[in-house]
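Take a look at the structure set out below.
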Amino acid sequence: MKRLLLIIALLLGLAAPAQATPTDDPPQVPEAVADWFADKAQATVRSYGADAFPDFTTEELTALTVGDPELTSVMGTGTTPDTAIQPSARWIAPIMNGDTAVGAVSVNFDDGVAGDEIVRGDARLGTSIARDEEDTTFVWDSELSAWFIQRDSTIEPADDAGAKIVLGSVPINDFLAQRSRILSSSDPVTQPADAPVGPVESEARSLPLTVALVLAVLAILVGSLVWLRAEQQSRDDDDEGAPDELANVERKGVVGTFGSKTKFRDSGTKVNVYRTKKTKDDSELFDD
């Protein structure tokens, strides 16, 4: 598309009067950049395709094409609109599945050498690039790992990651303030969804130990209850047998008592069971 527009502009320039002042042309694509996107971009997309497009089949990945590249900017360390967004050597192009944009591929050229390729299976980003709007610049924020669009003095999200940070077009000053708060927070957006390795390993080690301690305490409690139950049952059995033994002892004691009395009584002594009637003469005899 850009090449076609460039040809048309050249033709119009040739047909225009000599006194007409030429307008600023868009930046020309360096030969090294054009060669990379023509020869290696599609292979790069396929190599990252399994991660960027997990739902695509091998045939669909093979059919993907790459559109025309354009130069981007980068989010720097500045805190003002003039210093925060800086020029870069990163170029980006849409990934097309037929006529539909399904993602984007970008590469950084450091002294003409390609490196740090990024393949995003983000249809929103691909569609934004494929629209090829004027007076817009794509800005890569490595700290937030997101793409944004600079349009005059505003910033808007270009991909799904950027849409999680700003909802729509906002002034650059407001965006920079929001970005500063995010980067200074304890849980910056650039952190992956998974928790840090250290705490996870610590929790992984402490969880089995906690479970083991809980099971040990439960085992002790259950053992104690069983022991107390058995002890109580033993006492109940002893209490039930006690009256029979006591009755036997009492019966034995009574028999023994009477038996002892019978045993030690003088059987040769005659016992008069009849009461002797006391006569009058006897009483008088004792009176004298």
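The values are calculated or read from the model by the stated rules, or taken from the named source; none is laboratory data. Bear in mind the structure is a predicted one, so any value in this text is a computation, not a measurement. Using ideal geometry, Cβ is built from the backbone for each residue, glycine included, and neighbour counts are taken over all protein chains shown. Each accessible area value is taken on the protein alone, full model and side chains, heavy atoms only, with ligands, DNA and RNA left out. Shrake-Rupley method; radii C 1.70, N 1.55, O 1.52, S 1.80 Å.
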**Message:** Among the numbered criteria (1) in contact with a Ser or Thr (Cβ under 6 Å, 6 or more places away or on another chain); (2) crowded, with 18+ Cβ neighbours inside 10 Å, which one does residue 148 miss?
**Reply:** (1)
**Request:** Tell me, please, whether a residue that is out of contact with any Ser or Thr (no Cβ under 9 Å at 6 or more places or on another chain), over 16 Å from residue 148 (Cα atoms) and buried (at least 18 other Cβ atoms within 10 Å of the Cβ) can be found in the stretch 71-79.
**Result:** no
**Request:** Inspect the stretch 50-69 for any residue being at negative phi, of a type in the set (Val, Ile, Thr) and assigned to a strand (DSSP E or B) and give the result as yes or no.
**Result:** yes
**Item:** Single unsatisfied condition, residue 61 versus (1) open to solvent by less than 80 Å² (accessible area, probe 1.4 Å); (2) under 21 Å from residue 100 (Cβ atoms); (3) modelled with pLDDT under 90
**Value:** (3)
**Item:** the stretch 52-70, residues that are hydrophobic (A, V, I, L, M, F, W, C) and touching a Lys or Arg at 6+ places or on another chain (Cβ under 8 Å)
**Value:** 52, 61, 64
**Asked** Filter the stretch 105-135 for residues that are surrounded by 21 or more Cβ atoms within 10 Å (Cβ to Cβ) and free of Cβ contacts under 8 Å to residues at least 40 places away in the same chain; which is farthest from residue 34 (Cα to Cα)?
**Response** 122
